[in-house]
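Structure first, then comments.
Just so it is clear, none of the values below were taken in a lab; they were calculated from the coordinates. In this text the structure is predicted, and so the values were computed from the model without any measurement. Here the Cβ positions follow ideal geometry from the backbone for every residue, glycine too, while neighbour counts run over all protein chains shown.
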Amino acid sequence: MDVAVCLIGVGRMGEHICSRLVRAGYRVRAYDVDPERRAAVLASEAQLAVSADHAAVGADVLLTVLPGPAEVTEAVNDQVLKALAPDATWIDMSSNTQTDAEPLRRRAASHGVSVLDAPMGGSPADAAAGRLRLFVGGEDAVLARHQPLLSAVATRITHVGGHGAGYTAKLLVNLLWFGQAVATAEVLLLAQRAGVDVNVMTETLALSPASSAFIRNDLPSLLVGDYLASFGLDHIHDQLAAVTTFAEQLGTPHSLAAAVRQVYEDALTRYGPVDGELLAVALLEEQAGMLLRSVAQPPT
């Protein structure tokens, strides 16, 4: 295998993706704007780049693993695209939006660069184990060409549709997950206030038609005080706002989406742009004046 990869973004997800690609035999040159991430690049045995332009020189694949649209827009500029090898492909694994990414896709096309949007689902542990879920938008032939690379980091690769479809699918998955988190927390707080044991109610929900992946897989973490500090509240709010804006543009009902966005906006106002995918639940606990478990206290 002689495929050169330019990896931009070596954060908590990108560092594991970097390591897995190196171990799979790809020649990886990596860059992150945060100089503290240099150690992660060196630990993975990838080549450390001094700039995004340097990382892109002669690369067959540009892989971006960044927090959101603003970071992707800043990273994917003309200098980076010009530096890539002929017939290169840009694969964006960031949580982006179709609206924000479309001008970048057109810019990439003007440089002869193919594009796949492949936002990921999963945790840093999933990234380390190579069991991410990818939601891919783009052309069949381009995906087929890069299936081996994507399979080095993911066990589930879903081709959702054309350009931008992957971004949309991931945002909608996130919306439903965050909505389930808020709804489940409200149910359990009400149950607890009414005198129903939280553990009994949790088991009842898990075995009922109201069960969900959140209840089965993620609720146990919350009940021992883990607010899942793997993603920032500000980025979560941005994603939810992007969904409601998109729904407004398309003219579809979105009252529940707007309610979920508002809860996370309130949590962002209360706690600031800190990490915690379930901090909206912490806010609900605070408003109710009780915890859903006795181990941890809501953030202050």
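Quick notes on this one:
- Think of region 4-162 as a dipole: +1 on every Lys or Arg Cβ, -1 on every Asp or Glu Cβ, centred on the Cα centre; then among VAL113, THR158, ASN77, THR158 lies furthest on the positive end.
- Ordered by the count of other Cβ atoms within 10 Å of each Cβ, fewest first, VAL57, VAL260 give VAL57, VAL260.
- Net charge dipole, the chain: roughly 580 debye, given to the nearest 20, about the Cα centre with Cβ charges of +1 for Lys and Arg and -1 for Asp and Glu.
- Label-point gap, in nm, between ALA206 and VAL173 - each point 7 angstrom along Cα→Cβ: 2.3
- For peptides 20-30, 4-14, sequence by mean Cβ density within 10 Å, most packed first: 4-14, 20-30
- Exposure proxy ranking, count of Cβ atoms within 10 Å, fewest first, for LEU63, LEU172, LEU81, LEU132: LEU172, LEU81, LEU132, LEU63
- For PHE231, the amide hydrogen comes within under 5 Å of the amide hydrogens of GLY276, GLU277, counting only partners 5 or more places away or on other chains and with H modelled in the peptide plane.
- For region 4-162, a crude dipole built from +1 on the beta carbon of Lys and Arg and -1 on the beta carbon of Asp and Glu, taken about the Cα centre, is about 420 debye to the nearest 20.
- Neighbour counts of other Cβ atoms within 10 Å put ILE236, ILE157 in the fewest-to-most order ILE157, ILE236.
- Peptides 217-227, 116-126 ranked from most to least packed by the mean count of surrounding Cβ atoms within 10 Å: 116-126, 217-227.
- Values of log10 I(q)/I(0), in the order q = 0.10, 0.11, 0.15 Å⁻¹, for region 4-162 under a Debye, Cα-only, solvent-free model: -0.29, -0.35, -0.69
- Convex hull of Cα atoms in region 168-288, direction-averaged projection (nm²): 7.6
- Value of [θ]222 nm, deg cm²/dmol, for the chain, DSSP H segments ≥ 4, -39500 (n - 2.57) each, nearest 500: -15000 deg cm²/dmol
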